[in-house]
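The values are calculated or read from the model by the stated rules, or taken from the named source; none is laboratory data. Bear in mind that the values here come from a model prediction, so they are computed numbers and not experimental data. Positions of Cβ are generated from backbone atoms using ideal geometry, with glycine treated the same way; all protein chains shown enter the neighbour counts.
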Amino acid sequence: MAVDRVIEICSVVMFFIGFYGLISSKNIIKSIAAIVIMEMAIIVFFLGIGFIEGMRPPIGQVIENAADPLPQALVITAIIIGVTVTAVNLTMLISLSHQIKNTDWDSVLEESRRGRMK
């Protein structure tokens, strides 16, 4: 089995591990960690599909065997978006934990039904 196929399979497995963690978690912090795992799996998948044996970075005058820079740009963009989403999630969690003093999904739903959340 080729190296790129192993990377792709591992990234798909990692994505579904994060997805399982997201749907089975009762804690908001664990849900955020599962989202981060899913984001990293997507980045690893992009790197896996962009990998071609023998390709070089497109630097200098020689154009032969130059790698396509588009997947690298997409990965950098995905990393920036992932960090931003994680920061927003953690900011919302801090605000929520100040209001209800708990990080459990069930308590958040209970408090929102009671109308105590702002």
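List of remarks:
- For region 18-51, filtered to residues that are hydrophobic (A, V, I, L, M, F, W, C), free of Cβ contacts under 8 Å to residues at least 24 places away in the same chain and more than 20 Å from residue 84 (Cβ to Cβ), the residue that is surrounded by the most Cβ atoms within 10 Å (Cβ to Cβ) is 19.
- Yes/no for residue 48 being touching a Ser or Thr at 6+ places or on another chain (Cβ under 9 Å), in a helix (DSSP H, G or I) and modelled with pLDDT under 85: yes
- Residue 89 meets the stated requirement of being within 18 Å of residue 29 (Cα to Cα), surrounded by 10 or more Cβ atoms within 10 Å (Cβ to Cβ) and not charged (D, E, K, R).
- Condition met for residue 54 (part of a helix (DSSP H, G or I), without any contact (Cβ under 8 Å) to a residue 24 or more places away in the chain and either within 12 Å of the chain's Cα centre (by Cα) or over 30 Å from residue 115 (Cβ atoms) (or both)): no
- Residues in region 47-66 that are hydrophobic (A, V, I, L, M, F, W, C) and in contact with a Pro (Cβ under 6 Å, 6 or more places away or on another chain): 1 in all.
- Members of region 92-115 found to be assigned to a helix (DSSP H, G or I) and loosely packed, with under 14 Cβ neighbours inside 10 Å, listed by number: 92, 94, 95, 98, 99, 106, 109, 110, 112, 113, 114
- A search for C-beta distances below 7 Å between a residue of region 73-90 that is at pLDDT below 95 and any residue that is surrounded by 15 or more Cβ atoms within 10 Å (Cβ to Cβ) and charged (D, E, K, R), counting only pairs 6+ apart in sequence or on different chains, returns 82/39.
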